[in-house]
């Protein structure tokens with residue numbers, strides 16, 4: 001029998017973290033109509049029909065406040081080449097438009113917040129409901145449009161080309177560099 005180590009309940013202290021979170025860039029609109037961009041890693045699909053995703057966020061963050069007011073957002077999927085930009089993004093002062101992060105806004109097809117051109121895929125979302133836990137909120141949203149860079153969508157090695165990022169623990173991330181098919 002293997003010996004186990006018990007962790008504290010605070011995920012910030014987990015080393016190694018047994019839960020990886022995909023790193024995404026969420027775009028919303030601020031009350032003045034200017035875009036806001038924020039890196040997030042608490043995100044997951046919840047249902048197929050309709051396609052529902054869950055995004056965890058702190059209620060004090062501009063992202064959560066904007067989504068709760070406007071009910072729209074875009075989940076942008078960056079590749080590993082944007083890791084440094086993403087890590088610097090959360091340090092930018094608010095308001096934090098897409099351009100402030102050195103990225104290019106691209107009009108979305110179904111919602112008002114922009115997609116991020118440098119990202120490899122995008123999910124446009126409409127808020128369905130939310131659940132609060134203290135100062136945290138889980139935002140459940142229906143995906144109303146999905147887009148992927150054309151050269152990725154047509155490639156045989158799509159996951160290697162996506163090069164998706166995952167948050168592991170403070171200042172540590174991983175990428176998908178290889179996929180396997182069973």
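Values quoted throughout were computed directly from the atomic coordinates according to the rules given, and no laboratory measurement underlies them. Keep in mind that what you see is a predicted model, and the values were worked out from it rather than measured.
Sorted largest first, the principal axis extents computed over the alpha-carbon atoms of region 126-169 equal 44, 31, 11 Å. Separation of region 139-182 and region 84-138, taken as the distance between their Cα centroids, equals 16 angstrom.
Against the compact-protein benchmark of 2.2 N^0.38 Å, the Cα-based radius of gyration of region 1-83 scales to 1.37.
Roughly speaking, what % of Cα-Cα pairs in the chain are separated by over 27 Å, rounded to a whole number? Mind showing how you got there, number by number?
Values: 4439 of 16471 pairs.
The proportion of pairs with Cα distances above 27 Å equals 27 percent.
Short to long, the 10 Å bins of the Cα pair-distance histogram for region 102-158 hold 21, 37, 31, 11, 1 percent of all pairs.
Give the Rg/Rh ratio for region 57-134, taking Rg as the radius of gyration of the Cα atoms and Rh as the Kirkwood radius, to two decimals. With Rh from the inverse mean 1/r over Cα pairs, Rg/Rh is 0.96.
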